[in-house]
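Structure first, commentary second.
The values are calculated or read from the model by the stated rules, or taken from the named source; none is laboratory data. On a predicted model such as this, the values are computed, not experimentally measured, just so you know. Glycine gets a Cβ as well: all are built from the backbone with ideal geometry, and neighbour counts include every protein chain shown.
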Amino acid sequence: MLSRSTHRGTICLEDAPIISQTVFAGDQFLLRVSAPRCAERAVPGTFAHLTCDPLIPMRRPLSIMRVDAQAGWLEFLYKPIGPGLERLAQRATDDVISVLGPIGRGFTPDPERPVILAVAGGVGIPPVNFLAESLHADRRFKLVILMGSEVPFPFELTARSTVLPGLPDSASMAVAQLEAWGIPSALASKAGFDGCFDGFVPALAREWLEARPADSLGEVQIVSCGPHAMLEATAALAREFDLPCQLAVEEFMACGVGGCAGCIVPLHKPEGIVMKRVCVDGPVFDAAEVFPG
C-alpha cells in the first residue's frame, strides 16, 4: 500500500532545471524538471508548487504525472491558463524554476479490494497516470483506467486490446503506454474524437460497473481526479454501487503548504462538518466525506 504518512518533514525546496517542455494538441504542455529529492518522495495524488517566472511571485500548484526517482525527474501536464502558467509555458530547456514538493496526501489503495477503477478527466488525468505507473507491476492490484477529455488526449493512442465487458464498441481506443504496462483503458469525450465513448467519463464507468457480476463488486474500489462536476458524479456512482472511493480534489491555492488556509473544503464527518485544507490534509479525500449525497 502506498504510504499515507504525515507531510511534515517530507516537503523539499529545490532549484529544478527544465529538462523538456513538450506541446500537445489542445494547448497542453508536458513539463519535465530535474528535482531528485522531490522525485524520491512523491506518491500518486501529491503535487508540487512551482514558480513560473521571476516576475510572478505566486507559485502554481500542479499535480505530479510521472516520476523517475532513479533519474531524479518529475513531469507535470498543464494548460497555460492565466498569466502564471502562460509564463511557465514560455520557459525553455535548462531554465531553472523553484519546485516545492511533494505536497499533500496521496491515494491509498486497499489491497483487500484488488480491482481499482480509476476515473480521470481533463487536468485530473496526471494523478491517475502516476498511480497506474506506480502499481502496474504490483500483482495485488488490477487496474482499469477510464479517461475523459474535451481536447485531444496528450498521449499516443492505440486500439484497445483488452475486452472490457459492458463498454460500447465506440470506446475502441486506449492509451498506448497503459497498454504497454498491461493496464486496460478506454476513453470518453463529447468532442467527437474517433475511438471514444460519446459521453462523459462517469457514464462510461457506469457501463463497466453495470456489466460486472453483483458478487464481484466487493473486489472493486474507485479512485478519481478531475473537474468538480465529474468528481460529484463519480462519488454518486460509488454511493449507488456501495463502493469505496477516493477523490483527488482540486482547489485554488496560495501558500500551498497549509499556512494560509485559503483552500479549505468542508468534510462531512460523523461528528459534523470539519474544515480541511486541500493542500496538506488532501488533496485526496474519501468521496463520501466530500459529497455525502
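Annotations for the structure displayed:
- Cβ separations smaller than 7 Å between residues 6+ apart or across chains give the following pairs from segment 126-141 residues that are among the small types (G, A, S) to residues that are assigned to a helix (DSSP H, G or I): A132/L178.
- Any hit, segment 180-192, residues being of a type in the set (S, T, N, Q), touching a helix residue (DSSP H, G or I) at 6+ places or on another chain (Cβ under 7 Å), in the same structural domain as V144 (by TED's automatic domain parsing) and not in a helix (DSSP H, G or I): yes
- Within segment 172-207, being under 16 Å from V144 (Cβ atoms), among the aromatic types (F, W, Y) and in contact with a strand residue (DSSP E or B) (Cβ under 7 Å, 6 or more places away or on another chain) holds for one residue alone: F197.
- Test: residue in segment 74-81 that is buried (at least 24 other Cβ atoms within 10 Å of the Cβ), assigned by TED's automatic domain parsing to the domain that holds A25, closer than 23 Å to C245 by Cβ and hydrophobic (A, V, I, L, M, F, W, C): no
- Test: T162 is outside any strand (DSSP E or B), crowded, with 22+ Cβ neighbours inside 10 Å and in contact with a Pro (Cβ under 8 Å, 6 or more places away or on another chain): no
- The listed residue being modelled with pLDDT under 95 and of a type outside the set (G, A, S), out of V163, V99, V128: V163
- Number of the exception - L50 against (1) within 26 Å of L178 (Cα to Cα); (2) among the aliphatic types (A, V, I, L, M); (3) crowded, with 21+ Cβ neighbours inside 10 Å: (1)
- Matching residues, segment 20-35, being surrounded by fewer than 17 Cβ atoms within 10 Å (Cβ to Cβ) and not charged (D, E, K, R): S20, T22, V23, F24, A25, G26
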